[in-house]
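The values are calculated or read from the model by the stated rules, or taken from the named source; none is laboratory data. Remember, it's a predicted structure, so these values are computed and weren't measured experimentally. Here Cβ is always computed from backbone atoms with ideal geometry, including for glycine, and neighbour counts include all displayed protein chains. Accessible surface is based on the protein model in full, side chains and every heavy atom, while ligands, DNA and RNA are left aside. Shrake-Rupley method; radii C 1.70, N 1.55, O 1.52, S 1.80 Å.
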Amino acid sequence: MERKNVLVPENDLARQRVFEEKIRGMFEAREAHPVACVDTFGCQQNVADGQRIMGMLEACGFTFTEDSKEADLVLLNTCAVREHAEQRVFGNLGILSHTKKENPEQVICVCGCMAQEERVSKRIKESYRQVDLVFGPHALWKFPELLWKVYESRKRVFAVDDEHGTIAEGIPVVREAGVKAWVSIMYGCNNFCSYCIVPYVRGRERSREPECVLQEVRELVSAGYKDITLLGQNVNSYGNDLEIDYHFPDLLREIDQIPGDYRIRFISSHPKDATHQLFDVMAGSQHVCHELHLPFQSGNNRVLKEMNRRYTRESYLDLIRYAKSKMPDLVLTSDVIIGFPGETEEEAMDTVSLVQEVEFDALFTFIYSPRPGTVAAAMPDPVPRAEKQKWFDKLLEVQNDISSRLHAAYVGTTVRVLVDGESDDEAFPLASRTEGNRLVRIKGDKSLIGQFVDVKVTGSNTWALYGQAQ
Ligand code: SAM
Ligand code: SF4
Ligand code: F3S
């Protein structure tokens, strides 16, 4: 697809700002003060989308609440990656039929990855009549126009066409106040891992122009954000679709040159495209954290092939060795799937042994969940859930032991952390993060929030470190 067809034209975007004004004007004429409840599920990419949706709602005159009962508009920004995520959304929609009964004027919207699945939008159309507006990630930039249509016609609106996907710059954003910010550097995925729904709902890879990303990071740094995460399903293929020879390490290097006291992180990386050059840039940078989330999914080559991951256990381990040789302080995390169709116990234990070999600081572990429409969903899957659960429990036991051991090694050391908020532990009331994104609960005054401080680590467990601000 040609680049010019990927970028949403400026006048189409400008038209959306006109719809925002119309909606704002409609509420002003009624002397109403509309309130919206936005509930986001899923990954950080969805969180970033949720912030843009809130930006558009704010421009339409809305303020925000977390209570769907008092909201004039409820929006569920959904995730389709596992069945459980979908069930939660349908559960919430059931509850919303009651709030709508009490407030028939309430507008209910469903967007995000589930909305882009034909199976789901059909089910909502037929069985969840309380829903007024359904739109997928491709239509996100048109939200003001779609919402206006709902208010004007009071008819149900569905914008779920299957598209290649676009890039829309300049959508307003409501960011979480504080120190952390998300920046999408690209959208979509081309990889079609056989278990995964994401490429079907998010379209093909599209990279934002480097200057747009750089400008956004500059603005965030000058607004005081100190922990900025670059987002993409596979940031290592950033730039492949640009008309210039410019790739993720080039972008990282340029971002790193922006002056200021801030950290840069990125998720996710695909091992098939992670290069030595990336690790060299990380090692030589000033702001890029020595933290790497490199999902390996399985430690068995047959399973990796069936998953269509396009690397091997050996090539993965080589990458890790190289990255650690360049950054001995590297904090490593990964994603793992247990119970892929046809996986045997022995193959699952290859995953456990890879975990033992690498010693990840933390792991995001999932039991395989069939996603209708994907290649793996059609594969025979004879192993009972209870058996998969046993393998999964073994993996967790091994990982928990590694995490608590690695965390215990911090005790007695001093780490530089960014204090990012309050913690739910009375004895250690502040939450902070190390460069490697380890959670450190600390004693100290609230005035430290937003600052980098040195902390003497005094305790640890599997999930966190504990300490005292120096
Ligand atoms: N693009 C990222 C990557 O490839 O590393 C990850 C995206 S996905 C949203 C996050 C994780 O969910 C994946 O790394 C995988 O471990 C898990 N996942 C994806 N599809 C799954 C499925 N059908 N069942 C279980 N876990 C799944
Ligand atoms: Fe899904 Fe694979 Fe794409 Fe990640 S790289 S989003 S796991 S298809
Ligand atoms: Fe879920 Fe979509 Fe993210 S499926 S994990 S919200 S890209």
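Assorted remarks:
- Residue within the range 282-294 that is within 16 Å of ligand 3 (Cβ to nearest atom), on the phi > 0 side of the Ramachandran plot and surrounded by 15 or more Cβ atoms within 10 Å (Cβ to Cβ) present: no
- Flag if residue 47 is without any contact (Cβ under 8 Å) to a residue 40 or more places away in the chain, of a type in the set (Val, Ile, Thr) and under 30 Å from residue 374 (Cβ atoms): no
- When each of 145, 105, 126 is tested for being part of a helix (DSSP H, G or I) and without any contact (Cβ under 8 Å) to a residue 40 or more places away in the chain, the lone residue that passes is 126.
- Set 76, 13, 93: member being under 17 Å from residue 148 (Cβ atoms) and either open to solvent by less than 60 Å² (accessible area, probe 1.4 Å) or assigned to a helix (DSSP H, G or I) (or both): 13
- Residue that is over 30 Å from residue 347 (Cβ atoms) and open to solvent by less than 40 Å² (accessible area, probe 1.4 Å), where the choices are 413, 434: 434
- Residue check for residue 226: within 16 Å of ligand 2 (Cβ to nearest atom) and open to solvent by 10 Å² or more (accessible area, probe 1.4 Å): no
- Count of the range 250-279 residues which are crowded, with 20+ Cβ neighbours inside 10 Å and in a helix (DSSP H, G or I): 5
- Exactly one residue among 217, 201, 183 is touching a helix residue (DSSP H, G or I) at 6+ places or on another chain (Cβ under 6 Å), β-branched (Val, Ile, Thr), within 15 Å of ligand 2 (Cβ to nearest atom) and not in a loop (DSSP other than H, G, I, E, B), and that residue is 201.
- Checking residue 218 against (1) more than 16 Å from ligand 1 (Cβ to nearest atom); (2) open to solvent by less than 40 Å² (accessible area, probe 1.4 Å), the condition it does not meet: (2)
- The lone exception for residue 421 - which of (1) in contact (Cβ under 8 Å) with a residue 60 or more places away in the chain; (2) within 25 Å of residue 294 (Cα to Cα); (3) of a type outside the set (Ser, Thr, Tyr) it fails: (2)
- Any chance residue 265 is basic (Lys, Arg) and over 20 Å from residue 340 (Cα atoms): yes
- Candidates 195, 200, filtered to the one that is closer than 30 Å to residue 376 by Cβ, of a type in the set (Phe, Trp, Tyr), out of contact with any strand residue (DSSP E or B) (no Cβ under 7 Å at 6 or more places or on another chain) and within 16 Å of ligand 1 (Cβ to nearest atom): 200
- Residues considered: 38, 81. Of these, the only one that is in contact (Cβ under 8 Å) with a residue 12 or more places away in the chain, part of a strand (DSSP E or B) and surrounded by 17 or more Cβ atoms within 10 Å (Cβ to Cβ) is 38.
- Screening the range 321-368 for residues that are at negative phi, touching a residue at least 40 places away in the same chain (Cβ under 8 Å) and of a type in the set (Gly, Ala, Ser) and picking the one that is nearest to ligand 2 (Cβ to nearest atom) gives 334.
- Taken over the range 217-235, the criterion of being touching a Lys or Arg at 6+ places or on another chain (Cβ under 8 Å) and more than 24 Å from residue 421 (Cβ to Cβ) is satisfied by 233 alone.
- Of all residues in the range 199-210, exactly one satisfies the criterion of being over 17 Å from residue 171 (Cβ atoms), without any contact (Cβ under 8 Å) to a residue 60 or more places away in the chain and out of contact with any Phe, Trp or Tyr (no Cβ under 7 Å at 6 or more places or on another chain), namely 205.
- Selection status of residue 7, closer than 22 Å to residue 182 by Cα and in contact with a strand residue (DSSP E or B) (Cβ under 7 Å, 6 or more places away or on another chain): yes
- The range 369-394 residues that are within 18 Å of residue 297 (Cβ to Cβ), paired with ones that are among the basic types (Lys, Arg) (beta carbon under 8 Å, 6 or more apart): 369/82; 371/82; 377/371
- Within the range 288-322, the residues that satisfy the criterion of being more than 13 Å from ligand 1 (Cβ to nearest atom) and touching a strand residue (DSSP E or B) at 6+ places or on another chain (Cβ under 6 Å) are 288, 289, 291.
- Residues of the range 180-228 that are away from ligand 3 (no atom under 15 Å from the Cβ) and either polar (S, T, N, Q) or more than 30 Å from residue 451 (Cα to Cα) (or both): 194, 207, 208, 209, 215, 222.
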